[in-house]
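What follows is a short report on a single structure.
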Amino acid sequence: MASQALHARFLRGLEKSPGGVAVRVGGDTVDYTTAHETALAWAGALLAAPGGPPKAVGILTGRSTIAYVAILASLYAGLPAVPVPADFPAGKVVAMLGAAEVSALVVDEEGAALLAGGTGAELGGLPVLAPHLGEAGARVLAEGAGLRALVAGPETALPEPRDAGPEDVAYILFTSGSTGRPKGVRLTHGNMAHYFALMDAWYDFTADDVFSQAAGLNWDSAVSDLWCAWAAGAPLVSVPPHAYRDLPGFVAEHGVTVWFSAPSVIALSRRTGRLLPGTMPSLRWTYFGGEALQFEDTDAWQRAAPDSAVINVYGPTEMTITTHRHRWSPEESTRLGVNGVVPLGLLHEGHAELLLDEHGEDAADEGELWLSGPQLSAGYLDPEDGRGKYLERDGVRWYRTGDRVRRLAGGQLVYLGRMDSQVQVQGYRVELAEVEHALRAASPVSGAVVVGVPVANSTELVAFYLGDERSPREFHRDLAPVLPPQLIPRHYHRLDEFPLNTNKKTDRLVLTALAAERHGTKAPEPARVPVPAPVRAA
């Protein structure tokens, strides 16, 4: 029986493309053979760490080839990979590493700078591997940051990757650690095996494809990009921020054939004036997820990439990347969609879904979506975070998504909104209460309410506060040390008091309507969507 270990997918790619590029970040590349040999060396160094093998490996990096090889090395060592962006606030980084029980680190230049800036002293002498510094430089970094240096060499290198069982944890990804107390999700090799078996069956990826990597490595779509590319023996190309000034130009320069990102990328590209019909002819497959995908934007992308299938995907991290998919069709998608939003689509094979009303009873065609199946994660790091989210019903373990959906004839789902106060901003799941807490803690306000409003095809945060008048710049200065830039509210409005509903609670609906009136945009009218040329079957 073939191994279910996630890293067995890399070994497949290694056989197909031993000299091919495995990952490209800017001008730096690593081929499959070099990545394999380097990962074996790093894996051995991690397992030989002082105090014994780590419980989990923190990959504290920016966008670099080191980050990708470190993920591979973690899995080769049989250890969970915990990617943590080095540009997150230092306090969040420490909290996330602690929550995941990380007991060894791999860092690149950005991660090393964060450690040297004082964060290392808060990590309790963790072993750290800093390959870019060499042995001497790594020791200097470790000593200065109160850590212990790890050095990879032939004497500790593994002869081959360690296998992993389906119940072993492959990744720990954080869904809301960027906004408050970290909430890490444990994704197993078995979870991944089911997801990628479906991907292999549905799509015709080959070593001739070129995959984009738009998302950060802590986002689950990045997991999909990486291991689809590596199983095919294809190159993965990291997308730098400046690429969005001319995204069609970037796609053409690198010959990208497979694209996966949040839908906000489309609106950004349209604003540059460069997303024109026929400008991305190399694309064969396009996936969008993490936010509502609008008809108008989807049509614009389809016209720019006429030979690409454009697919809306849905799935919470807790269900391992995606659980639903819908292929864009200008006639069918606009007929089925609601409020100008492309349907979520049909449930993946092997899974089950429930729709429940506000009383927890089965709903015929509209309610909160519950999911179960082989991609259901092992749960949160802290079991308390799973209270009310991972539930038993009729002897089956379910995940309660908090998303309100409608089931159409034929089984397609359409998204209606959140059941709670959680929203999506640029692919990040934001719990508004935690942003409000950051405002109250970091700024001299006596009260704060944050709401999300639709702007283009994304969501922007609008803050209402009580207290003295302050400028957006002052708020940004206060919040930058505690929140990533994507999650800092963009708009601020001072009130004398918050509106109350009949229960004498703050009326969020009134504030959301006010924010939408001032800053929101309306969904496009379905009837106005032009019909693109027929899509070639990929």
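The values are calculated or read from the model by the stated rules, or taken from the named source; none is laboratory data. Source: prediction; values computed, not measured. Here Cβ is always computed from backbone atoms with ideal geometry, including for glycine, and neighbour counts include all displayed protein chains.
Here is how the numbers come out for the structure above:
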quantity: Test result for residue 278, within 24 Å of the chain's Cα centre (by Cα) and on the phi > 0 side of the Ramachandran plot; calculated: no
quantity: Residue 149 vs. criteria closer than 16 Å to residue 315 by Cβ and of a type in the set (Gly, Ala, Ser); calculated: no
quantity: Hits in the range 472-494 - residues which are among the basic types (Lys, Arg) and either over 22 Å from residue 455 (Cα atoms) or buried (at least 19 other Cβ atoms within 10 Å of the Cβ) (or both); calculated: 477
quantity: Segments classed as helices (runs of 4 or more DSSP H), wholly inside the range 21-111, with at least 1 members that are of a type in the set (Lys, Arg) and either on the phi > 0 side of the Ramachandran plot or in contact (Cβ under 8 Å) with a residue 24 or more places away in the chain (or both); calculated: 90-99
quantity: Residue count for the range 120-151, restricted to those that are more than 30 Å from the chain's Cα centre (by Cα), closer than 21 Å to residue 64 by Cα and part of a loop (DSSP other than H, G, I, E, B); calculated: 1
quantity: Subset tally (residues that are in contact with a Phe, Trp or Tyr (Cβ under 8 Å, 6 or more places away or on another chain) and buried (at least 20 other Cβ atoms within 10 Å of the Cβ)) for the range 187-204; calculated: 3
quantity: Test result for residue 497, surrounded by fewer than 17 Cβ atoms within 10 Å (Cβ to Cβ), acidic (Asp, Glu) and modelled with pLDDT under 90; calculated: yes
quantity: Filtered residues of the range 284-331 (kept if under 24 Å from residue 198 (Cα atoms) and either of a type in the set (A, V, I, L, M, F, W, C) or touching a Cys at 6+ places or on another chain (Cβ under 9 Å) (or both)); calculated: 285, 288, 292, 293, 309, 310, 311, 313, 319, 321, 328
quantity: Subset of the range 434-481 [closer than 26 Å to residue 183 by Cβ and among the acidic types (Asp, Glu)]; calculated: 434, 436, 460, 478
quantity: Residue check, residue 347 touching an Asp or Glu at 6+ places or on another chain (Cβ under 6 Å), in contact (Cβ under 8 Å) with a residue 60 or more places away in the chain, under 23 Å from residue 392 (Cβ atoms) and surrounded by fewer than 24 Cβ atoms within 10 Å (Cβ to Cβ); calculated: yes
quantity: Set 93, 151: member being within 18 Å of residue 51 (Cα to Cα), assigned by TED's automatic domain parsing to the domain that holds residue 69 and among the β-branched types (Val, Ile, Thr); calculated: 151
quantity: Positions within the range 71-98 being charged (D, E, K, R) and either in contact with a Cys (Cβ under 9 Å, 6 or more places away or on another chain) or farther than 20 Å from residue 223 by Cα (or both), in sequence order; calculated: 92
quantity: Hits in the range 365-397 (condition: more than 30 Å from residue 80 (Cα to Cα), surrounded by fewer than 18 Cβ atoms within 10 Å (Cβ to Cβ) and touching a residue at least 12 places away in the same chain (Cβ under 8 Å)); calculated: 365, 366
quantity: Residue list for the range 411-423, filter: surrounded by 15 or more Cβ atoms within 10 Å (Cβ to Cβ) and part of a strand (DSSP E or B); calculated: 413, 414, 415, 416, 418, 422, 423
quantity: Any pair with Cβ under 6 angstrom, 6 or more apart, that starts in the range 291-315 at a residue that is more than 21 Å from residue 402 (Cα to Cα) and ends at one that is charged (D, E, K, R) and assigned to a helix (DSSP H, G or I); calculated: 300/270
quantity: Restricting the range 370-410 to residues that are small (Gly, Ala, Ser) and part of a strand (DSSP E or B), the residue that is farthest from residue 193 (Cα to Cα); calculated: 402
quantity: When residues of the range 501-538 are limited to those that are in contact with a strand residue (DSSP E or B) (Cβ under 7 Å, 6 or more places away or on another chain) and assigned to a loop (DSSP other than H, G, I, E, B), the one modelled with the lowest pLDDT; calculated: 538
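To keep it simple, each residue is scored yes or no on (1) touching a helix residue (DSSP H, G or I) at 6+ places or on another chain (Cβ under 6 Å); (2) among the small types (Gly, Ala, Ser); (3) surrounded by fewer than 23 Cβ atoms within 10 Å (Cβ to Cβ).
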position: 262; (1), (2), (3): no, yes, no
position: 271; (1), (2), (3): no, no, yes
position: 281; (1), (2), (3): no, no, yes
position: 284; (1), (2), (3): no, no, yes
position: 288; (1), (2), (3): no, no, no
position: 303; (1), (2), (3): no, no, yes
position: 312; (1), (2), (3): no, no, no
position: 315; (1), (2), (3): no, yes, no
